[in-house]
Structure formats: structure tokens, C-alpha cells
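Derivation of every value follows stated rules applied to the coordinates shown; laboratory data play no part. Small disclaimer: the values here were computed from a predicted structure and weren't measured. Note that each Cβ is placed from the backbone with ideal geometry, even for glycine, and that neighbours are counted across all protein chains shown.
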Amino acid sequence: MSIPPPLQLLLACLAVFSCRHFVASHQESGDWHCDPDDEARIAAEFRPGIVTLDGRADDWSNVDGFEFPLRPALDPDEDHQYKSGKMTVKALHDGKDVYFTLQVDGDYVYSKGDDHKCPSVALMFQIGDSATYHNMGGCKESSNTCNSTNCRGYEVDIMHFSIGNSIPGRLYGGNSVNSVGLVDMYSWNPHCRNIDASAPSGNDSTALNDWKGAWWHSSFSTHPGFIEDDSPYGSSAEKGIYYFEFSRPLRTTDLLQQDAQFSIGKSSKFSAAFWYPSDGNPWHGSAHYTISCDWIPMDVISGLTSQHKAASGNAASLFAFVLSTAAFCVSIFVAYMVSKNKSIPFTPIDDRL
């Protein structure tokens with residue numbers, strides 16, 4: 001379905017508005033230094049039919065994830081990390097779509113209509129082989145000169161979700177109408193970002209917002225469902241955990257290097273970011289945290305591998321059961337034979353007289 005040009009322009013403006021602080025936060029100073037955690041890795045296992053995209057975390061309880069410290073994107077110093085807790089990242093796939101959940105400790109803060117006074121999150125994936133985590137792709141061109149020719153190979157895919165205009169538990173994205181707050185972009189560097197379907201040279205109506213997402217906070221007590229009139233949805237400064245849940249097709253119809261493409265049995269490179277308004281102030285550069293100072297590997301595990309592990313585990317359990325049963329029977333037989341051979345024959349008293 002093609003997107004009308006006026007709507008394309010509206011979505012592009014929303015993307016720019018949502019991310020203007022995102023750009024400003026990448027004005028770096030000084031030398032860049034990075035010491036990533038070599039053990040950090042995410043496995044998206046084949047787990048079909050267990051997740052409902054509603055922002056809640058209950059259906060993720062049996063899925064393994066990785067807990068990351070959150071440190072400022074531009075100064076990944078341990079002393080400056082997010083004080084309220086860490087971010088837990090989990091992923092899975094059902095053979096068609098890939099799912100993510102981000103869980104972050106944080107007091108409930110919400111300002112209706114103001115994205116920068118509400119928590120926000122983003123996911124970023126490598127598209128081009130030369131794309132670096134640092135500088136969101138790392139193309140050296142300026143905002144006036146970057147394009148798909150001279151920045152070829154430096155593309156990164158970005159999904160950014162701001163909750164200031166969204167209702168907890170409701171689904172956003174995935175179409176051209178209610179994508180407000182959830183934006184699908186691509187980038188060559190912090191100053192060369194575009195919403196999918198747009199570019200410096202013009203628009204392309206074949207691109208889509210392929211992401212869907214929802215959010216929740218653990219302090220909420222209303223489960224049937226919120227509506228906009230319920231805002232602010234909970235008590236201010238209530239302690240708890242923010243939950244963000246997303247999905248996207250493993251493969252999209254992208255023809256322009258604007259989406260990362262995931263393959264079962266292969267690894268991809270990704271990162272996640274978190275914005276939080278400190279002390280009631282809008283989020284800015286110092287509140288822009290990330291899970292690592294470099295790409296994190298994400299393995300999309302095949303269903304065959306998962307089933308093979310389960311089958312191997314079942315076979316091992318069955319073999320152990322058979323072996324233990326056989327051992328038990330042998331022990332009974334041996335005990336019987338020993339007791340039979342050591343038995344004392346009966347001798348009548350008359351024979352001894």
C-alpha cells in the first residue's frame with residue numbers, strides 16, 4: 001500500500017521531532033574509548049506462540065536474557081552509569097517474526113504529549129558491513145553531502161519509541177496511521193538519518209514501518225485496558241519496572257538498504273538505548289544510556305537446533321531411566337543369588353544324637 005505524500009511528510013516531521021535531542025546527544029568531545037563486555041550476547045531462540053505483544057512481561061518469564069549496565073552513550077564510564085538499575089534484553093522468534101523485550105528499573109514518570117519528559121528506548125542494528133556502532137554507522141560525510149552512494153555500506157537500522165503520546169498496553173507501529181511515537185529509521189551517522197521511505201533525494205512509497213511495539217510499567221494495577229482519558233495511568237514516582245515489547249518480520253520487503261535483515265541460524269549486530277528524564281527535566285545527552293559501547297551479537301537460533309536439544313535431553317533422560325531400572329533389577333538378582341548360596345541347610349536334631 002502506497003503512502004500519500006502529505007502523510008509521508010507528516011511522518012518524516014514526527015521522526016525529526018522525536019529524535020532532535022537524539023541527534024544533539026551525539027555531539028562528542030574528547031577521545032572515544034570503549035571496553036565492551038566480550039561475554040555479552042543475545043540468543044533469539046525458536047519459541048513460537050508464547051508472546052502476546054502487549055508490553056507485559058509475564059509471557060517472557062521462561063525466556064533467558066542478558067542483563068546490561070546502562071552507561072552514557074558518549075561517555076561509557078562505569079561511574080556515570082544509570083543508577084536505578086540495569087536493562088534486561090530478551091529476544092525470540094517464531095520463524096516469521098522476531099520479538100524483543102527491554103526491561104528497565106525506573107520510577108513511573110509520564111507527561112502526556114511530551115516525549116522528552118517520558119522514558120524512551122531505541123534499538124539499532126547493523127545493515128552495511130562497514131557500519132559501526134560508534135557514530136551510528138560512521139559515515140564521514142556531512143548532513144549536506146551524505147547519500148546512498150557515498151555512504152554505501154554504512155547503513156544502520158533504528159527503531160525509536162517515545163511513549164509521551166502512547167497508551168500503555170496498546171499496540172503502535174506497523175502501519176502508516178498510528179505510528180506516532182514508534183518510528184522506523186535508517187542512518188549513516190548521527191546527522192544523516194531518515195525515516196524509512198524518505199531520503200535526501202526524495203521519497204519512496206514502497207518502504208514501511210515494519211515495527212510494532214507496546215509498553216507497560218509494573219506499578220499499574222488496571223489490567224482490562226487503559227484508554228487515553230486514563231492518563232497519567234498511574235501514581236507519579238511510583239517505583240517499578242518499565243517494560244517495552246517489540247516485534248518485526250525477520251525479513252522485510254526493503255529494497256533500499258533501510259532495514260536490517262535477519263536469517264535463521266545467523267548472527268546479527270545490535271544495540272539498545274534508554275532515555276530517562278532526570279529530576280523532572282527533559283531527557284538530554286547525559287540521560288542517553290546504552291547497553292554497550294559496541295555492537296552486541298544476536299544469534300537467531302534455528303528451530304531444528306532447539307528441537308534437537310530438547311530431543312537430546314529427552315533421549316538422555318530415557319536412557320538414564322532404562323539404565324537405572326536395569327541396575328535395580330540386577331541388584332535384586334545378585335542379592336537373591338547371594339542369599340541362596342549362603343543359606344544354612346536344616347539338620348534334624350535326631351541326626352545329632
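Going from the residue with the fewest nearby Cβ atoms within 10 Å to the one with the most, PHE262, PHE244 rank PHE262, PHE244.
Cβ-to-Cβ counts within 10 Å put THR145, THR290 in ascending order as THR145, THR290, the fewest first. Between ARG152 and SER84, the simple label model (points 7 Å from Cα in the Cβ direction) yields a spacing of 4.5 nm. For the listed residue pairs LYS83/LYS140; LYS96/LYS117; LYS83/LYS212; LYS86/LYS140; LYS90/LYS269; LYS96/LYS266, the alpha carbons are over 25 angstrom apart in LYS83/LYS140; LYS96/LYS117; LYS83/LYS212; LYS86/LYS140. With neighbours defined as other Cβ atoms within 10 Å of a residue's Cβ, the residues SER271, SER302 order from fewest to most as SER302, SER271.
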